[in-house]
């Protein structure tokens, strides 16, 4: 049978993580259909129909679907579910909120956050914040799977011409009401998706000293992270926390400054492509995961680092 | 108002996980266990709501082996009034936990159910949403702020783009983010008092539901190791390596 992927979008554009999820979904079975639930979301349905991996787009449109309310999305998805062997979506806050509600009503034990498709029913997923990998096989008839977007490349977005069909509306929930969404307006990239992340730990000694990190983040167009120790010490707010109990990040470049490398921090960043550690303690565990370690006092090293960056003719953005 | 808080006993977040050589799982013998961190936030929030006079009773519940009652005792020590341990085998999937909690909800009739957004062992992030689904209750996941109003909760949620605020009718399920509050420590006198608070034990097999795993764990392995890196001697060298060797800046 076919795979149904639930698209995430803002009614105008497809969210990038949906494209990564499409890649994984078409590895499960290449008869991939995408469900777009939204308000005036025709441009979304159209752009998804042009993704070559997508064989069919089902578009359900109504004013009640302007915002993501899992209680409103779920009955629409359940109506479609009988035709599919797999229901999938991205494992970000969108999919994490939505998929278990669908799975429970299908009486399916969900497979969360897969990083590899081994076969139609067998997947690889990280447990213990990536400190172990589990190979799991779903024995449920209908499978509900969420996909870690950063583990799959985004699907190409042009060249396809899937048909778009209209799907059926259902009644909205009376128990949940959307009030507002405050998008964090920042010139900086989001921590979870940034290409470069620079993080500070307890070694920063104060919140004030984070300005050394900010200056480099500005230069590199990087997101700013922190260890739990820095957050607990009050240097920075906990939305910056990288680690098992914070955000898990996989940037191209991760720069850990004044971070010793507690297990809980490593769990949140050790899958980064290139890791730099700057620490004055040469024995700090962070060096064991670093591609480039610099044993130095960060208060000397950071201003110099900025100086060196300023000397470069070009910096990748 | 009555609040049910679900807590889970997991390997402490500061422990280095070791994978068993036979690939059957991770080593849990002689390993420090504690309450799943965001479950502490869930307990804290319930206690705060009770302290504000908006809730009368807090019940802490866990599902797991005999020892999991430590987690309930800890919740009792920070302010829950009574506890429930539902005894079940170690491997129990979120769907089964949700079905067990459904039975507890039917019996206890709470107005709110709180729990952490995710357990740091299996990292599933499912139980709260699944419980909401089978009870047909609204769900407010990843909560970083909860306002208890007349018959409704206004909940601020941590989402990828920033913050989202929704209103859910009571009864409802809330899964808690670490940003929700700062969990308090239990004082010694309160730990002593908690030992006297009632803790009911129920065997999951008495609840008449199917809790058999549906997901077969084929193997657990160590993630691929990173190859050893190098130490650079100066900032200049570091920047040159990043530019010309790693090509990331």
Residue by residue through the stretch B:117-143, note down the ones that are surrounded by fewer than 20 Cβ atoms within 10 Å (Cβ to Cβ) and more than 7 Å from chain A (Cβ to nearest Cβ). B:135, B:136
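If you scan the stretch B:93-116, which residues turn out to be within 19 Å of residue B:168 (Cβ to Cβ) and more than 12 Å from chain A (Cβ to nearest Cβ)?
Residues satisfying the conditions are B:105, B:109, B:110, B:111, B:112, B:113, B:114, B:115.
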Members of the stretch B:230-249 found to be surrounded by 13 or more Cβ atoms within 10 Å (Cβ to Cβ) and part of a loop (DSSP other than H, G, I, E, B), listed by number: B:234, B:246, B:248, B:249
Out of all the residues in the stretch A:83-122, which are assigned to a loop (DSSP other than H, G, I, E, B), more than 10 Å from every other protein chain (Cβ to nearest Cβ) and closer than 16 Å to residue B:216 by Cα? A:119, A:120
Scan the stretch B:181-202 for residues that are more than 17 Å from residue B:4 (Cβ to Cβ) and either in contact with a strand residue (DSSP E or B) (Cβ under 6 Å, 6 or more places away or on another chain) or surrounded by fewer than 13 Cβ atoms within 10 Å (Cβ to Cβ) (or both) and jot them down. B:182, B:185, B:187, B:188, B:189, B:192, B:195, B:196
Would you check if there is a residue in the stretch B:57-66 being in contact with a strand residue (DSSP E or B) (Cβ under 8 Å, 6 or more places away or on another chain), part of a loop (DSSP other than H, G, I, E, B) and more than 14 Å from chain A (Cβ to nearest Cβ)? yes
Within the stretch A:238-260, can one find any residue that is more than 10 Å from chain B (Cβ to nearest Cβ), assigned to a strand (DSSP E or B) and over 23 Å from the mean Cα position of the chain (by Cα)? yes
Would you be able to tell me the number of residues in the stretch A:56-73 that are crowded, with 21+ Cβ neighbours inside 10 Å and more than 14 Å from every other protein chain (Cβ to nearest Cβ)? 5
Pick out the one residue from A:76, A:51 that is buried (at least 17 other Cβ atoms within 10 Å of the Cβ) and either in a helix (DSSP H, G or I) or free of Cβ contacts under 8 Å to residues at least 24 places away in the same chain (or both). A:76
Subset tally (residues that are within 12 Å of residue A:203 (Cβ to Cβ) and either more than 8 Å from chain B (Cβ to nearest Cβ) or at pLDDT below 95 (or both)) for the stretch A:279-311: 9
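Taking the stretch B:7-47 as the search range and keeping residues that are assigned to a strand (DSSP E or B) and out of contact with any helix residue (DSSP H, G or I) (no Cβ under 6 Å at 6 or more places or on another chain), which one is surrounded by the most Cβ atoms within 10 Å (Cβ to Cβ)? Working first, answer last.
Within the stretch B:7-47, the subset assigned to a strand (DSSP E or B) is B:9-11, B:19, B:26, B:33-35.
If we keep only those that are out of contact with any helix residue (DSSP H, G or I) (no Cβ under 6 Å at 6 or more places or on another chain) too, we end up with B:10-11, B:19, B:26, B:33-34.
On the way: B:10: 23, B:11: 21, B:19: 21, B:26: 19, B:33: 15, B:34: 18.
Only one residue tops the list, namely B:10.
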If I filter the stretch B:153-178 down to residues being within 24 Å of residue B:61 (Cβ to Cβ) and surrounded by fewer than 18 Cβ atoms within 10 Å (Cβ to Cβ), which single residue comes out as farthest from the other protein chains (Cβ to nearest Cβ)? B:170
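The values are calculated or read from the model by the stated rules, or taken from the named source; none is laboratory data. These numbers come from a predicted model, not from an experiment. Cβ sites come from the backbone with ideal geometry, for glycine too, and all protein chains shown count toward neighbours.
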